[in-house]
Amino acid sequence: MGCSGETIRAMAREIYGIELTEDRAAEIARQVTELAESARRAGRESDFDDELLSARQTLIGATQDGRGS
Amino acid sequence: MSVDIVEYTLCDLADAIRARRVSAVEVMEATLARIDRVQPLVNAFIDIDGDGALDAARRADAELSNGNEAPPLFGVPLAHKDLLYRKGRVSTCGSEIRRNVAAEVTATALERLDAAGAIEVGTLNMAEFAAGGTGHNEHFGDCLNPWNTDHIPGGSSSGSGAAVAARMVTGSLGSDTGGSVRIPAGLCGVVGIKPTDGRVSRYGVMPRSWATDTLGPMARTARDIARMMTAIAGFDSRDPQSSSEPVPDYEEELEQTLKGLRVGVATNYYNEDIDENVAKGMAASREVFRTLGAEVVEVSVPDPGLAMRLGQLILAAEAAALHGKWLAERPDDYQIAIRAPMEPGLFIPATRYIEALRLRGPLLCEFLEEVLGRVDLLHVPTGPASAPTLADSDPASPERAVRTMGLFPKFTRTISYLGLPAVSVPCGFAQNGLPVAFQLVGRPFTEARLLNAAHLYQRETGWHERMPDL
């Protein structure tokens, strides 16, 4: 489920005021799709309540349950 | 008395000044002479404030002669990556865009080093906006590896690695978002620590990624790092990520026995893609830990590739948010190799960014249970090989640079995504004479244990006592 170079080019112009060549926009579209895909797939496997468990809470919590210092 | 500063570690210098075996001015004069001689060879500094540093050293000696008690880094010359702000001073961040911008605040870490008595002698070279792993910099000149100046020092804290290895200063602060302290420490043969997220305040430091930025010291020995960490770690209300976990005296913990300590060796991912020099250094260092009484235990790590990709996504999105205005208004003031990887971050959907952030907690839990629940420390390479040449890693030839440098982040970025502490320690030299290194990764806030293990390893081996021929 990727995005197209055309979409990237339009977004760059409309949102950020940046002009991209067609080739550059296509390359960025490829990279965005690749980056976003790993989060999409991993996100679908996570639990609905996962957002309650932030990395910060886990780091600090680890010191209180014997997994930390 | 003349001081041959290349013989001194940071703690040696500090202790000698406090004991009045040498004056702060003598140390500073020797430091400036060394910098003057070596800077043309490695280009580690962006700015050298010799007069200001000598004035500060004179004031330090006057204080000491008044009978005042000297704090732990009293009179020690240091220099840091040029992204730590000091009010009124320009912090270039290695960029053209910030070349003339004076800071409005002083970084908490600098305030704490000031309070510990350290003296800054200048600011150090770095990748533009901390966004490169090699040491190339078109704006201020490439920084070079002191062990062989045809090779890179690594980045993005390139000047920190090079200056400490070249013995221009005994210690330096760098920033580490995905490996930017550990990679140059490893490639330059010095020790560097990426602390647990929240352990060291980032207030007054140029941001690259709010979620994963950390600040850590680089020095020749774990003892030196311990002294700097004791000075800079601790809660700071001005950094929203700052932790109020108590700060130990890291130096006091260095001599703890390693008997019974479980050192983990990865049976997947981290043992792949390394060259024979790194493999040899890893095997030999495992034997040293066994000799020290540690139990070496094989452990499988859960798909670190996922954490690495998610970390990359967060970094791309946050860097793009930080640089969006300049990407639109001043694109030509960036090196192309720095600007190009930032641009995709402008288009990452918010939902994916949030998913990547949200998954940090669960993936960290999994890593703590499956890896750091079975071992006390994880022993992994800092990188796949010793330092590549400048030519092979030149970002101006992107395909070649990716082939050369593409594997380096795999060993460091996952740890950054998880927010865990890790220390890079030199463990020998490759056949080409360049250093190789391992990392020790620990549970949250176990920097004292990491430095303890690194210190005892260094006492057994002595790789850190070798000096580049400059």
Classify the stretch B:11-465 as rounded, prolate or oblate, taking a ≥ b ≥ c as the square roots of the eigenvalues of its Cα gyration tensor: rounded when a/c is under 1.5, otherwise prolate if a/b is larger than b/c and oblate if not.
rounded
Helix-only mean residue ellipticity at 222 nm, the protein assembly as shown, DSSP H runs n ≥ 4 weighted -39,500 (n - 2.57), per residue, nearest 500. What is it?
-12500 deg cm²/dmol
In the stretch B:1-91, GluC sites (Glu not before Pro) in a DSSP loop with at most 11 other beta-carbon atoms within 10 Å
B:GLU69
By how many nm would the segment from B:ALA391 to B:GLN256 grow when fully extended, if each residue of separation counts as 0.36 nm and the alpha-carbon distance is taken off?
44.2 nm
Once the Cβ-Cβ distance between B:LYS325 and B:THR291 is put in as r, and R0 is 45 Å, what FRET efficiency do you end up with, to the nearest 0.05?
0.25
Taking 22 Å as R0, compute the FRET efficiency from the Cβ-Cβ separation of B:ALA19 and B:ASP469 and round it to 0.05.
0.10
Taking the stretch B:11-465, how many lysine pairs are there with alpha carbons less than 29 Å apart, if each pair must be eight or more places apart or span two chains?
10
With an 8 Å cut-off on Cα pairs and a minimum separation of 6 or more residues, tell me the relative contact order of chain B in percent.
17 percent
Given Cβ charges of +1 for Lys and Arg and -1 for Asp and Glu, the option among B:TYR270, B:ALA211, B:ILE232 whose Cα lies farthest towards the positive end of the dipole of the stretch B:173-271 is B:TYR270
Determine the percent antiparallel among the DSSP beta bridges restricted to chain B, to the nearest 5.
70 percent
About its Cα centre, the protein assembly as shown carries a charge dipole, from +1 on Lys and Arg Cβ atoms and -1 on Asp and Glu Cβ atoms, whose size in debye to the nearest 20 is 320 debye
Give me the percent of DSSP beta bridges within the protein assembly as shown that run antiparallel, rounded to the nearest 5.
70 percent
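Quick check on packing: order B:308-320, B:152-164, A:21-33 by the mean number of other C-beta atoms within 10 Å, highest mean leading.
Averaged packing, sorted descending, gives the order B:152-164, B:308-320, A:21-33.
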In debye to the nearest 20, how big a dipole does the stretch B:11-465 give about its Cα centre with +1 on each Lys and Arg Cβ and -1 on each Asp and Glu Cβ?
320 debye
From the residues B:ALA340, B:THR106, B:VAL380, which one has its Cα farthest along the dipole of the stretch B:11-465 in the positive direction, the dipole being from +1 and -1 charges on Cβ of Lys/Arg and Asp/Glu about the Cα centre?
B:VAL380
In the stretch B:11-465, taking the dipole from +1 charges on Lys and Arg beta carbons and -1 charges on Asp and Glu beta carbons about the Cα centre, the listed residue (B:PRO72, B:PHE411, B:ALA60) farthest towards the positive end is B:PHE411
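Bear in mind that the values in this text are calculations on the coordinates, not laboratory data. All values derive from a computational prediction rather than experimental measurement. Reconstructed Cβ throughout: ideal geometry from the backbone, glycine too, with neighbour counts over all protein chains shown.
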